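What follows is a single structure, written as structure tokens, with notes after it.
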Amino acid sequence: MAGQRILVIDDEEDIREVAQVSLEAVGGYEVLTAASGREGLETARAEQPDAILLDWMMPDMDGPATFEELRGDATIRDIPVVMLTAKVQAADRRRLAELGVSAVLPKPFEPMKLAEQVADALGWDA
Amino acid sequence: MIGSTLRGRSLTLRVVGATAVVVALLLTAFAVFLNANERVRESELLVQRSTEAVSGAVELKARTVQLQNAVRALTLVDDGAFSADYREARRSLARGMDELQRAEEADGGRGGAEEEEDGEASIAVALEAIRAYSDRLAPLQLRAVRAGASQRREATLVREGRRRVRVAVGRLNFFVDEEGEEVAQRRAQARASAFRLEAVGAGALGSSVFLVILAALYMARSVIGPIRRVAEGARHLAAGDLSTRVPERATGEPKQLAEAFNAMAASLQLSDDRLREKHLELKRVFSRQHLILNSAGDGIYGLDRDGTIRFANPAAGQATGNEVDELLGRTAHDALHPRDEDGVPHDVEGCPITAALRDGQAHQVLEDVYERRDGTRFPVEYTATPIEEDGEVSGAVVVFKDITERREIDRMKDEFTSVVSHELRTPLTSIRGSLGLLAGGVLGPLPEKAQRMLDIAVSNTDRLVRLINDILDIERMESGRVTMQRQEIAVLEVMRGAMESVGAMAAGVGVRLEVEPIEARVWADPDRLTQMLTNLLSNAIKFSPPGATVSTTARRSGEEILFAVADEGRGIPEDKLETIFERFQQVDASDSRDKGGTGLGLAICRSIVEQHGGRIWAESAPDEGATFVVSLPALVEDEPPSSDNGTGPAVLVCDDDPSVRRVVAGLLAQRGYRTVPARSGAEAVELAARERPDVILLDLLMPDMSGWATAAALKERPETREIPIVVASVLPAEEGHPVPGTEERIEKPFDEASLFEALERALAVHGDVSKVLVVEDDLDLGRVLTEIFERRGLTVAHAQSGRAAIRESQRLEPDLLILDLGLPDGDGFSVVDWLREHERLGAVPIVVYTARDLTDAERARLGPDTDVFLKGALSPDEFAGRVLDLVGRLSPRLVEA
């Protein structure tokens, strides 16, 4: 759905930028970005986005840790999370599924398809 | 021969000889002695005889004289007395003569002949003379006298007589003298003989003694000497000097002894030398072995039959922080295998070392943990090989390796791969992203050439991404670090999944996809299998001309399932059928560029297939298309069908582990429950909606759709929302995330009792409610409630006190209890307490109402399963309505009624 706000948390600036352009231009979403887990949590609390795109491998606080914090905080617990990661091992995906992540998208992603994939994963009408 | 015999037996001979000599000597001496003795006796006898003869002669002389006298006397006086004397004298003379005669005759052969004759002659003469006188002259004389013969005659006669007598006496005297001489002689002889005898005796004795001494000396020299020398030699030998030899001086037996001794000593020395040599060799071998063992980097220790460490090499000691001595004498289990985290001691029975000792087979353990002396642990890989002696297991050798480093390296490799993968993909993400956006026209249209360039960039970026994925994939698979998550999967699902992922691609090039699956299952990693099929399909599509068909089939062939992906492309030449499965191999070099392949697709497929214990190959001929065949071991279908035999409740058992399903089905069947097996969350949801089981047994940790997701899905669908769920998971209830919408939970592994308790509790809550017990002391309210329930078609009983309630509940066995806590005497609570204790009735749901708020303690006492609400200011109808609502929630069937 257009107009939804997505928070992109990734430590790589370029990736944030590409993701932003992709989601905004192709999906018509409003995109917020954060460069770290901590920053992401703050932003999430403040902005209450409709979804979070979360990178797995980040220094300091990585994806799963950030996710855990997210779930631990009542104010932002219910925001659906899509994990972005190069890890595509089934075991890892299972682990994520059990943690409660809504979907896992591989990196590199298809910039033209990203918005669609996110919508599919979250059950939004594209 | 005699000579040698003599020599050989010389000692014996000599001994015998010497003895013979001594004996001979003694015998001779004895003989001589006897002889001498004889002589002496002879002499004595002779002397005696002579003496007798002498005395006889003297006597005769006397008697002759006596006769003469008698005759004279008689001649003078012819008296009777004198006559008697004369006769007597004559008689005694006659006697005497006889005696003497006899003695002479008896005494034959004595002394010298001359002497004999003289003596004899003398006697004879004497005797004759005497006889002449006695027999003739004397009587004549007498007669003459008597007759008065002339004096002359008488005188002649007398003269004759006297002459005769004189002769006789003379002769007798001569005889006596002779005899005396002889006697003296004899005596002298006898003395001489005696002397000789003594001399001989002394001589014999002396020489015997001498000989004995000689013999003794000889013995000492020839026998005892050698014996002593041999004894001494033996002592030296015993003391260790094996070069001892004994001189072989003697002859005969002592020499033999010496020779024998020397031979023995020589033999001993030889043996000893040989032994020394062997010992040296052994030492050499041992030290070599020792060297090897000591130099070995792996820890090696040897156990005896009981598992006690008898030997350990330095590496073993070092690795475990022990001195080698400290390991000896302890069992391996004791010294090296630690207790596990819970303090449970090492399972000796199940230990592969015990197994090796028991069954005589080598056992290899790829991962285990040893404990060092200081308590720290390290991972090991070890092999236990039994030692066999004479067909029996006498011990074992364990070779172990500290794999901390290897694990570390593996971990680093994994980490590296992971990091590399991340590091490569990160910039690629940006590149692909930005290029993709540009090429996608998101940021505005582009001149044709620019578009073309960007398209190239994007497609190659894609290719690079695929390449990285494939390389990392195959690298991980072939180093064995990727564990396949194998499970039971339906062939159909895998094929469908693969079809879906290439659907768009196929459509894009106008290739038709056909699929012919079968109902079969394989034990495989679904992602990998799908990946493999997808790979094959995309290859097939790539190499198919537009309008062609790519067909995917599966069929059962004996114990295997054969998947086949067939295309109608240009085929593969025979010499390439094998090589295409290698890395970066394409049939045609130009293919890489044209078709966008990475060259690793088939290599990955092969890796996956081989990891599943299957085979993959290609069948093709140029211009006749190609068929890639994969064979995998089929899974034997041994799932028990959902049993309809039971008359009991139907249980939907949802677990991805077939063995759990089997076991539970078995348990349920025993108690008359019906089983509806579901292999996955998705299947469970479907089946639940279709079959409407009475209760669902749900596993949590399942692939694809987890227990939580399944529960959520079930609760979402109206058809399945109300079905009670019992969660069965290895996750303990406190820690494992709660599963919303489920009431019961049991921990795996569970026992029969817990399973059925939970099932019954779950069923009880949501089973048919047909009997209700109302416990209310207020008669009116009680009647109202009773009516309300009866209107709904329920059987109702009304109890007005705690005691009555207890009695009634036992009689009625209600499915639901409605209780006024405000019963007099606090009975309400006691009823609840009592019910809770009751085995069967404890499961009955209780709806409790109270006029006042409950304290926390009271609430706790009632337990979490009890529904409580305030009677408060509700009218009976409202109250009933509330109760019904509650009841309705608990029993959907009631609501429907």
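The values are calculated or read from the model by the stated rules, or taken from the named source; none is laboratory data. Remember, it's a predicted structure, so these values are computed and weren't measured experimentally. Backbone-built Cβ (ideal geometry, glycine too); neighbour counts: all protein chains shown. Just so you know, the surface numbers come from the protein's heavy atoms only, side chains and all, with ligands and any DNA or RNA stripped out. Shrake-Rupley method; radii C 1.70, N 1.55, O 1.52, S 1.80 Å.
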Zone reached by a paramagnetic label modelled 7 Å from B:A220 Cα along Cα→Cβ, restricted to the stretch B:244-271 with backbone N below 18 Å, covers B:250
Sort B:H290, B:H363 from largest to smallest accessible area, using a 1.4 Å probe on the heavy atoms of the protein chains. B:H290, B:H363
Carbon and sulfur together cover what percent of the accessible area of chain B at a 1.4 Å probe radius? 53
May I ask you to derive the FRET efficiency for B:E44 and B:A103 from their Cβ-Cβ distance with R0 = 22 Å, giving the value to the nearest 0.05? 0.85
Average partner coverage of B:701-711, which counts Cβ from other chains inside 10 Å: 2
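Take each uninterrupted DSSP H stretch in chain B, measure its Cα extent along the helix axis, and return the ones at 27 Å or beyond whose mean Kyte-Doolittle hydropathy is at least 0.5. Let's see the in-between values first.
Working: long enough: B:10-76 (94 Å, 0.65); B:80-106 (38 Å, -1.02); B:151-219 (96 Å, 0.01); B:252-295 (63 Å, -0.55); B:404-439 (50 Å, -0.45); B:448-478 (44 Å, -0.30).
Within chain B the helices that satisfy the rule are B:10-76.
Per-residue counts of other Cβ atoms within 10 Å, averaged by peptide: what ranking do you get for B:367-379, B:699-711, highest first?
Order by mean packing, descending: B:699-711, B:367-379.
From the square roots a ≥ b ≥ c of the eigenvalues of the alpha-carbon gyration tensor of chain B, which class results: rounded (a/c under 1.5), prolate (a/b over b/c), or oblate?
On the way: a/c = 6.33, a/b = 3.00, b/c = 2.11.
Verdict is prolate for chain B.
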For an R0 of 35 angstrom, estimate the FRET efficiency from the Cβ-Cβ distance between B:A450 and B:Q585 and round to the nearest 0.05. 0.45
Cα gyration tensor shape of chain A, rounded if a/c is under 1.5, else prolate or oblate by comparing a/b with b/c: rounded
Buried by at least 20 Å² relative to the chain on its own: which residues of the stretch A:98-116 qualify, computing accessible area with a 1.4 Å probe on protein heavy atoms? A:E98, A:K107, A:P108, A:F109, A:E110, A:P111, A:M112
Quick one: if you stick a label point 7 Å off each Cα along the C-beta vector at B:F30 and B:V419, how many nm between them? 12.2
What accessible surface, in Å², does a 1.4 Å probe find on B:E743, ignoring ligands, DNA and RNA and rounding to the nearest 10? 110
Here, B:N294 and B:R807, labelled 7 Å along Cα→Cβ, have an inter-label distance in nm of 9.5
List nothing, just return the count: lysine pairs in chain B, 8 or more apart or interchain, with Cα separation under 29 Å. 10
Residues other than B:V727 with Cβ under 12 Å of its Cβ, Lys/Arg counted +1 and Asp/Glu -1, net out at -3
As a check on your grasp of the helix formula, calculate [θ] at 222 nm for chain B: sum -39500 (n - 2.57) over DSSP H runs of n ≥ 4, divide by the residue count, round to the nearest 500. -19500 deg cm²/dmol
Sum up the charges of everything whose Cβ sits under 14 Å from the Cβ of B:V32, counting Lys and Arg as +1 and Asp and Glu as -1, but leave B:V32 out. 0
Extend 7 Å from the Cα of B:R162 along its Cα-to-C-beta direction; within the stretch B:72-88, residues with backbone N under 13 Å of that point are B:72
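Provide a whole-number value for the mean count of partner chain Cβ atoms within 10 Å of the Cβ atoms in peptide A:9-15. Write out the running numbers ahead of the final one.
Working: counts 0, 2, 1, 4, 1, 7, 6.
Across A:9-15, the average partner-chain Cβ count within 10 Å equals 3.
Residue separation times 0.36 nm, minus the C-alpha to C-alpha distance between B:A260 and B:V21: what's the value?
On the way: separation 239, 0.36 × 239 = 86.04 nm, distance 3.14 nm.
Here the segment from B:A260 to B:V21 would lengthen by 82.9 nm.
With every protein chain kept in the model, how would you rank B:S243, B:S607 by accessible area, 1.4 Å probe, largest at the top?
On the way: B:S243 65, B:S607 10 Å².
Of B:S243, B:S607, the descending order of accessible area is B:S243, B:S607.
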Relative contact order for chain B, counting Cα pairs under 8 Å that sit 6 or more residues apart, in percent: 5
Take the Cβ-Cβ distance between A:L99 and B:L282 as r, set R0 to 51 Å, and report the resulting FRET efficiency rounded to the nearest 0.05. 0.15
Contact surface B-A: accessible area buried, both sides summed, square angstrom, 1.4 angstrom probe: 2100
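From the Cα gyration tensor of the stretch B:408-534, with a ≥ b ≥ c the square roots of its eigenvalues, which class applies: rounded if a/c is under 1.5, or else prolate if a/b is larger than b/c, or else oblate? The partial results should precede the final answer.
Values: a/c = 3.55, a/b = 1.26, b/c = 2.82.
Taking the square roots of the gyration eigenvalues as a ≥ b ≥ c, the stretch B:408-534 is oblate.
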Taking 0.36 nm per residue of separation and subtracting the Cα-Cα distance, what length does fully extending B:L13 through B:D780 add? 261.3 nm
